[in-house]
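Here you go, one structure.
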Amino acid sequence: MDTVITEAEIHAFITARIMSRLSLPGERRSEALREVLKLTVSDLDTQRLETMIAMAPEIPLPLYAKWVGLFADRLLETVNREQLQDLCANSEESNATLLLLYSMFMETERMERLTAEDLQALNRA
């Protein structure tokens, strides 16, 4: 990427890119859940798979935005500027890298604890 972009622009780009993948409408959401469940739950018959998909609650976008914002903040704190610029190239490779990094971030102990707390608070509301 030849153009130098600001930290705010990097944060906005990362947030928008990840959010566009998390806010899937209807059938695309079901498709994504189907793929994840097939990979993570062994011996799942079709009827049980579809039941699990139907029962999976939708997470409100503001909650996703909170987690994605924390991810973008952490990247800005820990990744050097040149690599951040590369992640904002909007190429298939950079988008895949961002999604992989986000997945890894969400699997950290801190985020697993925070998501559990946030989801528990959501269920109480």
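Using alpha-carbon pairs under 8 Å, 6+ residues apart, how would you state the relative contact order of the stretch 7-124 in percent?
The normalised contact order for the stretch 7-124 reaches 36 percent.
Give the distance, in whole Å, between the Cα centre of the stretch 75-98 and the Cα centre of the stretch 39-74.
24 Å
In the stretch 29-73, which residues have a backbone nitrogen under 11 Å from the label point lying 7 Å from Thr115's Cα in the Cα-to-Cβ direction?
Those under the cut-off are 64, 67-68.
Starting from the Cα-Cα distance between Ala16 and Arg34, subtract it from 0.36 nm times their residue separation and give me the gain in nm to one decimal.
Result: 4.1 nm gained on full extension.
What FRET efficiency would be calculated for the residue pair Ser23, Glu82, taking the C-beta separation as r and a Förster radius of 35 Å, to the nearest 0.05?
0.75
Which residue, Asp73, Asp43, Asp86, tops the fluctuation ranking in a GNM of the chain built on C-alpha contacts under 10 Å?
Among Asp73, Asp43, Asp86, the largest mean-square fluctuation in the Gaussian network model of the chain belongs to Asp43.
Here are labelled values, (1) -0.91, -1.45; (2) -1.06, -1.18; (3) -1.07, -1.36, and one is the computed log10 I(q)/I(0) by the Debye sum over Cα atoms at q = 0.18, 0.22 Å⁻¹ for what I pasted. Which one?
(3)
Every read-out reported here was derived from the displayed coordinates using simple, explicitly stated rules and does not represent laboratory data. All of these numbers come straight from a predicted model, not from anything done at the bench. We place every Cβ from the backbone using ideal geometry, glycine too, and count neighbours over all the protein chains shown.
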